[in-house]
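Enquirer: So that we are looking at the same thing, I have put the structure below in structure tokens.
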2 protein chains.
Amino acid sequence: MLKSAELGLKVSKDAYDRQLPKLRLDLLQAHWEIHQSKVPVVVVISGPEISGKGELINRLAAWVDPRGLEVNAFGPASDEERERPPWWRFWRALPPRGKVGIFLGSWYTVPILRRVDGKMGKSAFQRELDRIAFFERMLAEDGALIVKFWLHLSKREQKKFLKRHERDPRTRWRVTPIDWKAFRLYDRFAKWSETALLRTDAPHAPWVVVDAADEHHRDLAVGRYLLAALRRGAEAVKEKSGAAKIARRAASVPSAGRIVPGAEGNVLDAVDLKQKVSDEAYRKRLATLQGRVGTLTRRAYEKRVSSVLVFEGWDAGGKGGSIRRLTEAVDPRLYRVVPIAAPTEEERAQHYLWRFWRHLPRDGRVTIFDRSWYGRVLVERVEGFAKPEEWERAYLEINDFEEQLAEHGTVVVKYWLHISPEEQLRRFRERQRVGFKKHKITDEDWRNRNKSEAYFAAVSDMVARTDTPSARWTLVAANDKKVARLQILETFVRNLSAAL
Amino acid sequence: MLKSAELGLKVSKDAYDRQLPKLRLDLLQAHWEIHQSKVPVVVVISGPEISGKGELINRLAAWVDPRGLEVNAFGPASDEERERPPWWRFWRALPPRGKVGIFLGSWYTVPILRRVDGKMGKSAFQRELDRIAFFERMLAEDGALIVKFWLHLSKREQKKFLKRHERDPRTRWRVTPIDWKAFRLYDRFAKWSETALLRTDAPHAPWVVVDAADEHHRDLAVGRYLLAALRRGAEAVKEKSGAAKIARRAASVPSAGRIVPGAEGNVLDAVDLKQKVSDEAYRKRLATLQGRVGTLTRRAYEKRVSSVLVFEGWDAGGKGGSIRRLTEAVDPRLYRVVPIAAPTEEERAQHYLWRFWRHLPRDGRVTIFDRSWYGRVLVERVEGFAKPEEWERAYLEINDFEEQLAEHGTVVVKYWLHISPEEQLRRFRERQRVGFKKHKITDEDWRNRNKSEAYFAAVSDMVARTDTPSARWTLVAANDKKVARLQILETFVRNLSAAL
């Protein structure tokens, strides 16, 4: 969820200055409308210390009518606060209907920090996250609109930030030893923050992860998202959608990386499709990797560690060939390939996850899913086979499912085979030309191609919302099939050997 | 939740035989309709080992069409099951749309047993319950109808059962040393079962606690509740209410103790209203108790333990007088009485719990709520000020709220002042007669009296669903004001001294 926000999005000073006046005007208007609609708005601004949360909030406060806004910052608990249950301070600060309450630091801060420094155990942490989810759901069901921004800085960007400020005599004071100490805990902090975000990223209270390396992008992205959410919230009230639907409607603003025009970006853009490998290097490396896969799957069988591999990707992305290179290396008694097409009648009579549960491998075995449960948030979303509320809640359902696999000790590896539209076209045409490939191209493939915009958004959201510590996505550069196959084998070898 | 089901409900063999044929016919019909509606039905049957779960299920199975029914029993995990994540066995057993799946033992069994024998910590247990809640919500959102029965036996009944079966040579084999061992763990088992039930008692997946001491009552109660749930579920489908609403509609069957005609009962019936106390005994005992209250609240101040007291009860139940007897004994700097009337404008602009959060005492103080958050599930429910989905979800919200108080170390004591309708009438008339009491009686009081049936149901549900290990209800026998006041003071003294 965090990594996928590291898109290096930037907005030039010029573009910022051009976009700002209209955004401010629109925000004022939307703020006024939501005020009239009597919707309480909870805005959480979180992220690491040096991500510029304070700066951002000052700007937001300047952009809207201060009479409809309350900024709440939470430092160490006061006497008054310590002498009541921990949530008392947050209840006290909730905005009344019609107002916007901005929370700098929030119910997320203490659990994450206590988990990072080890003072809170894993179960207690998860329990606390479940309580947070319950709280936010309760507010949403009561008609509140909830938006949560996480200002993300990559490790590299965070280091750059600290160094830059240390060098400049005017900002040196801002960098304290505590900041450096926090930086050394970066990985732990990122891991537990991400866990918190994933478990509380709900259709009625979404997390919007903003790449905060560039402050112009950061501010515009938050402002624009907030604007869209306020507008949709006010619309929902006008249509008398019912309290519980306001939050869900407001949250239906697409986020992943596409908030600011001129700073468009997508997690797939970061995949370097130009990589090549020579035939000879490929053959040698393939042999080595296949040998490793053979040895490791044998050892996994002895140690009773199972693996679940998920292959997703664009049509003609090369899934079949890649799977074959992998299975060639494994003892046939140890693996199974499960191709996922339209569900059977028996499967349609069950919850959509049922047909994947039934195919889980026994300990020590490998199951390879050729397409998977991600169909729910890809083809079913784009083609309208699943209703918005269905695919929206699927992210949490999928994360819970994969977490159960990980808790059982199963190695979960997920591949997205990415190719450029040009390469896809080339492969489609080749399939039509070459006799024995003809059956592989259908009208549907061409239709899907025309929906590539919608599929791009679906893939972005999918990677952003299901790239979890227990089950990471591997974005495979698949324009060159040989490069793709090596990357796939390497990833499996790395993950499986780490688990043994 | 469990205690309040101990109503000693019995159905005679005659009444059973009279009611059964129609019930079986209706169940067959309802089962057929739900089959046609393509709704999957999940029926969980839980409770202690000797509560007759097996017997009950055999009967249910005989009553409905076996082609539409699947009974799933879960013993120790098989090899196949152990080698997959723990939930695999349950997913495998889920009924397809249109079928009823009965679960004897279920996802509840292992967490409760592991918690009872101490193998699972408190946080891990709660985390597991949250996962269960997530799972059931997921099924309900997908259109499943979920009903969960807990067959309850009081400690006394359980002992009687074991002894009776041991005496009879025909049933002696049924009682094993394991049953007696389980009996010795009764209190722990009851505590953690109740915790599990409370946290997973949702509007879309309700728990129905059935007094299982009498097998005729047990079987009819389950059969009748199931019938009503199936009927409402089928209705919801006919009205095209949407998947998520089917479960909620089916769950809107009132349960607490009033399922079987002829076995009507109510938790309030168990309150002995005939108790009397002489004036002299009252004066002496009152003085002692008030002294204890004075000392204990002083000590609680020093030890920084806060208390929250909730006074609810019938109109003219004697709340005011009781509160005065209590506050007389406490240093005025240490307590506050918060009378709850209609919410202010400021309060209406917030979530309904907000106005109670704001009045929580600091450590060491006592806050007395004269009426409380329970208005949500009493007057607001009966008068229609809150929509069904609002007051239905309030039980979980209230339990979470009170659990946070308990976790903070606050002593929570809740009183329901119960008087008979006749005594209420007498007091109303007295109030009209006696000048200085006249202001205490309004037209509204008379109106409420006419809705006593609906209020009775609301009070039953409230006690059943919010009598939690962290915040128990005390049902006060208030026909005699002196008896009531002593009981109130005694309960507070007992709870507070236990916490110090």
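Enquirer: Just checking, does region B:335-347 include any residue being more than 9 Å from chain A (Cβ to nearest Cβ), touching a residue at least 60 places away in the same chain (Cβ under 8 Å) and either surrounded by fewer than 21 Cβ atoms within 10 Å (Cβ to Cβ) or within 30 Å of B:THR288 (Cα to Cα) (or both)?
Expert: No, because not a single residue in region B:335-347 is more than 9 Å from chain A (Cβ to nearest Cβ), touching a residue at least 60 places away in the same chain (Cβ under 8 Å) and either surrounded by fewer than 21 Cβ atoms within 10 Å (Cβ to Cβ) or within 30 Å of B:THR288 (Cα to Cα) (or both).
Enquirer: Would you confirm whether any residue within region A:67-75 is more than 14 Å from chain B (Cβ to nearest Cβ) and assigned to a helix (DSSP H, G or I)? Spell out the reasoning first.
Expert: Just the residues of region A:67-75 that are more than 14 Å from chain B (Cβ to nearest Cβ), to begin with: A:67, A:69, A:71-75.
Restricting the remaining residues to those that are assigned to a helix (DSSP H, G or I) gives A:67.
Looking for residues that are more than 14 Å from chain B (Cβ to nearest Cβ) and assigned to a helix (DSSP H, G or I), one finds at least one in region A:67-75, hence yes.
Enquirer: Which one is surrounded by the fewest Cβ atoms within 10 Å (Cβ to Cβ), of the residues in region B:449-472 that are under 21 Å from B:PHE149 (Cβ atoms) and among the small types (Gly, Ala, Ser)?
Expert: Here the answer is B:ALA457.
Enquirer: Still on this model: Taking B:THR410 and the conditions (1) within 25 Å of B:ASP363 (Cα to Cα); (2) without any contact (Cβ under 8 Å) to a residue 40 or more places away in the chain; (3) over 16 Å from the mean Cα position of the chain (by Cα), which numbered condition does it fall short on, given that it satisfies the others?
Expert: With respect to (1) within 25 Å of B:ASP363 (Cα to Cα); (2) without any contact (Cβ under 8 Å) to a residue 40 or more places away in the chain; (3) over 16 Å from the mean Cα position of the chain (by Cα), B:THR410 is out only on (2).
Enquirer: A further question on this structure: Inside region A:303-325, can you point out the residues that are within 26 Å of the chain's Cα centre (by Cα), farther than 25 Å from A:ASP443 by Cβ and assigned to a loop (DSSP other than H, G, I, E, B)?
Expert: Listed by number, the list holds a single entry, A:SER306.
Enquirer: Next up: Among the numbered criteria (1) under 17 Å from A:GLU312 (Cβ atoms); (2) at pLDDT below 95, which one does A:ASP443 miss?
Expert: (1)
Residue by residue, here is whether (1) surrounded by fewer than 20 Cβ atoms within 10 Å (Cβ to Cβ); (2) out of contact with any His (no Cβ under 8 Å at 6 or more places or on another chain) holds:
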{"site": "A:SER193", "(1), (2)": "no, yes"}
{"site": "A:PRO206", "(1), (2)": "no, yes"}
{"site": "A:VAL209", "(1), (2)": "no, no"}
{"site": "A:LEU220", "(1), (2)": "no, yes"}
{"site": "A:LEU230", "(1), (2)": "no, no"}
{"site": "A:SER241", "(1), (2)": "yes, yes"}
{"site": "A:ALA244", "(1), (2)": "yes, no"}
{"site": "A:ARG248", "(1), (2)": "no, no"}
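Enquirer: Which one is farthest from B:GLY242 (Cα to Cα), of the residues in region A:378-391 that are crowded, with 18+ Cβ neighbours inside 10 Å and in contact with a Lys or Arg (Cβ under 8 Å, 6 or more places away or on another chain)?
Expert: A:VAL382
Enquirer: Which residue out of A:ALA133, A:ALA93, A:ALA124 is within 21 Å of the chain's Cα centre (by Cα) and surrounded by fewer than 20 Cβ atoms within 10 Å (Cβ to Cβ)? Let's see the steps before the verdict.
Expert: On the way: A:ALA93 fails: within 21 Å of the chain's Cα centre (by Cα); A:ALA124 fails: within 21 Å of the chain's Cα centre (by Cα).
The conditions single out A:ALA133.
Enquirer: If you don't mind, another one. Give the residue that is farthest from A:LYS3 (Cα to Cα), with candidates limited to residues of region A:270-287 that are touching a residue at least 12 places away in the same chain (Cβ under 8 Å) and not aliphatic (A, V, I, L, M).
Expert: Start the filter on region A:270-287 by keeping residues that are touching a residue at least 12 places away in the same chain (Cβ under 8 Å), which leaves A:270-277, A:279, A:282, A:285-286.
Now restrict to residues that are not aliphatic (A, V, I, L, M): A:272, A:274-276, A:279, A:282, A:285.
Working: A:ASP272: 16, A:LYS274: 22, A:GLN275: 21, A:LYS276: 25, A:ASP279: 32, A:TYR282: 29, A:ARG285: 28 Å.
So the residue we want is A:ASP279.
Enquirer: Restricting attention to region B:32-55, report how many residues are in a helix (DSSP H, G or I) and more than 16 Å from B:ALA247 (Cα to Cα).
Expert: Here is the first cut: in region B:32-55, the ones in a helix (DSSP H, G or I) are B:32-36, B:49-51, B:53-55.
Among the residues that remain, those that are also more than 16 Å from B:ALA247 (Cα to Cα) are: B:32, B:36, B:49-51, B:53-55.
Qualifying residue count for the region: 8.
Enquirer: Is one or more of the residues making up region B:147-161 within 14 Å of chain A (Cβ to nearest Cβ) and either touching a strand residue (DSSP E or B) at 6+ places or on another chain (Cβ under 9 Å) or aliphatic (A, V, I, L, M) (or both)?
Expert: Of region B:147-161, the ones within 14 Å of chain A (Cβ to nearest Cβ) are none.
Within region B:147-161 (the criterion being within 14 Å of chain A (Cβ to nearest Cβ) and either touching a strand residue (DSSP E or B) at 6+ places or on another chain (Cβ under 9 Å) or aliphatic (A, V, I, L, M) (or both)), the answer is no, since none of the residues qualifies.
Enquirer: Moving to a separate point now. Go through region B:76-120 and count every residue that is more than 10 Å from chain A (Cβ to nearest Cβ) and outside any helix (DSSP H, G or I).
Expert: Selection size over region B:76-120: 15.
Enquirer: Considering each residue of region B:200-251, count those that are more than 17 Å from B:ILE45 (Cα to Cα) and either assigned to a loop (DSSP other than H, G, I, E, B) or not hydrophobic (A, V, I, L, M, F, W, C) (or both), and give that number.
Expert: Going through region B:200-251 one residue at a time, the tally reaches 13.
Enquirer: In this structure, is B:VAL305 within 14 Å of chain A (Cβ to nearest Cβ), farther than 20 Å from B:ASP467 by Cα and of a type in the set (Val, Ile, Thr)? It would help to see each step written out before you state the result.
Expert: Values: within 14 Å of chain A (Cβ to nearest Cβ): yes; farther than 20 Å from B:ASP467 by Cα: yes; of a type in the set (Val, Ile, Thr): yes.
So B:VAL305 passes the test.
The values are calculated or read from the model by the stated rules, or taken from the named source; none is laboratory data. Just so we're clear, the structure is a prediction, and the values are computed from it rather than from any experiment. Cβ: placed from backbone, ideal geometry, glycine included. Neighbour counts: every protein chain shown.
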